[in-house]
1. Listing His166, His208 from the residue with the fewest other Cβ atoms within 10 Å to the one with the most, what is the order?
2. Name the residue from Gly269, Cys242, Leu185 whose Cα lies farthest towards the positive end of the charge dipole of the stretch 39-276, charges +1 on Cβ of Lys and Arg and -1 on Cβ of Asp and Glu.
3. Which order do the peptides 108-114, 42-48, 54-60, 218-224 come out in when sorted by mean C-beta neighbours inside 10 angstrom, highest first?
4. Using +1 at the Cβ of each Lys and Arg and -1 at the Cβ of each Asp and Glu in the chain, identify which of Ala289, Pro205, Ser17 lies farthest towards the dipole's positive end.
5. Checking the a/c ratio against 1.5 first, then a/b against b/c, what shape does the Cα gyration tensor give for the stretch 180-268?
6. Going by a ≥ b ≥ c, the root eigenvalues of the Cα gyration tensor, does the stretch 270-357 fall in the rounded group (a/c under 1.5), the prolate group (a/b larger than b/c) or the oblate group?
7. Which value, in nm² and rounded to one decimal, describes the direction-averaged projected area of the C-alpha convex hull of the stretch 36-85?
8. In a Gaussian network model over the chain where Cα atoms closer than 10 Å are linked, find which of Leu283, Leu28, Leu348 has the largest mean-square fluctuation.
Amino acid sequence: LQTKLPKVGTTIFSVMSALAAETGAVNLGQGFPDFDCDPRLVDAVTEAMRAGHNQYPPMPGVPELRQAVADKVQVLYGRRYDPAGEITITAGATQAILTAILAVVRAGDEVIVLEPCYDSYVPNIELAGGVAVPVPLMPGSFRPDFDRIAAAITPRTRAILVNTPHNPSATIWQADDWLRLQEILAPTDVLLISDEVYEHMVYAPNRHSSAATFDGLAARAFIVSSFGKTYHVTGWKVGTVCAPAPLMTEFRKVHQFNVFTVNTPMQHGLARYMADPQPYLQLPAFYAAKRDLLRAGLEQTRFRLLPSEGSYFQCVDISGLAVPERDLPEDQFCLWLTREVGVAAIPLSAFYGNGFDQRVIRFCYAKRDETLHAALKRLARL
Ligand code: PMP
Ligand code: GLN
């Protein structure tokens with residue numbers, strides 16, 4: 001069989017979660033909460049099912065939900081997207097990103113990705129027949145290197161993928177970063193796919209800066225988010241994409257033949273729940289406390305902490321650990337950590353096409369405090 005994705009195996013998140021389950025390790029690997037969502041959200045969905053919202057919704061999504069998304073984006077980022085033609089509800093951000101790529105990337109087109117990047121991006125580009133052009137974030141700081149981004153643009157460049165808050169590095173883009181990108185893209189036709197799934201997880205004193213805020217970017221951008229992250233329901237797989245009408249028209253051509261539409265009762269429940277902004281307004285304080293708990297514990301170890309400005313991830317450098325296993329490649333170190341220490345983590349090398357190893361691994365702190373304490377107890381000896 002000639003395979004389409006010869007280099008792709010099973011995603012690292014599934015691999016590490018399976019190993020954690022098998023070995024009884026505390027799972028700080030795959031990013032998902034180990035606590036439940038707000039019962040009011042479950043009630044809203046249950047009521048939607050009981051009210052008979054169980055058949056296909058309109059292809060782009062339940063109108064009330066698109067309306068609620070439009071209103072929120074306008075308040076937070078100052079741009080009005082038309083719910084009729086500029087917002088689509090997707091089966092999570094994963095499907096939104098793949099669909100955006102399939103909708104615009106043609107055979108041979110180049111798409112710039114900033115490495116390390118989420119593991120679906122490059123295979124998505126390849127499925128579209130495109131060529132991923134990796135530009136590294138600056139080693140150490142994970143800041144964008146705009147000179148290298150500008151230098152990577154060619155007449156074949158179709159799009160650039162940006163992710164802020166960033167998985168895995170937990171860094172964020174500030175307005176200045178977007179302005180630099182806007183300046184670089186201004187003379188080009190390059191499209192932007194902005195993955196903002198962690199938009200509500202940015203920690204004081206910072207605030208999330210969305211590509212939607214910048215005219216010159218929004219005009220060429222698909223802006224992607226996910227309810228899974230914001231409302232602790234990663235298993236529901238409901239996301240959003242906002243884009244100007246001409247781009248959204250192309251997006252929906254693919255979306256309708258990809259999933260057609262997304263489960264109805266969840267959309268109704270989410271629309272009702274979104275009327276209250278408190279859940280997402282309270283999210284930064286909620287997660288900052290978890291981040292600080294994990295950081296305070298790790299400070300007692302030889303792990304070197306990197307900043308965690310946004311997302312629910314904390315990266316650490318393993319090179320100063322007192323154990324000989326610190327010299328293993330990151331992926332093998334994570335297997336050892338899971339099996340022998342009892343804590344699962346994700347190697348950063350999994351986010352690089354060439355497996356670049358910089359002695360850094362990622363922990364997820366979207367966990368109950370007891371879970372974080374249990375992990376810290378096991379990590380204490382390192
Ligand atoms: N992009 C990034 C950066 C992510 O971390 C994730 C979730 N792990 C996704 C996209 C996918 O989100 P969803 O679960 O809504 O498909
Ligand atoms: N985005 C999550 C992470 O980075 C995992 C999502 C998945 O397993 N596909 O851990």
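Every number here is computed from the coordinates shown, using simple stated rules; none is lab data. Keep in mind that what you see is a predicted model, and the values were worked out from it rather than measured. Virtual Cβ from ideal backbone geometry, glycine too; neighbours counted across all protein chains shown.
1. His208, His166
2. Result: Gly269, furthest along the dipole toward the positive end.
3. Highest mean packing first, the order is 218-224, 108-114, 42-48, 54-60.
4. Towards the positive end, the residue furthest out is Ser17.
5. Here the stretch 180-268 falls in the oblate category.
6. Prolate.
7. For the Cα atoms of the stretch 36-85, the hull's average projected area reads 4.6 nm².
8. The residue that fluctuates most here is Leu283.
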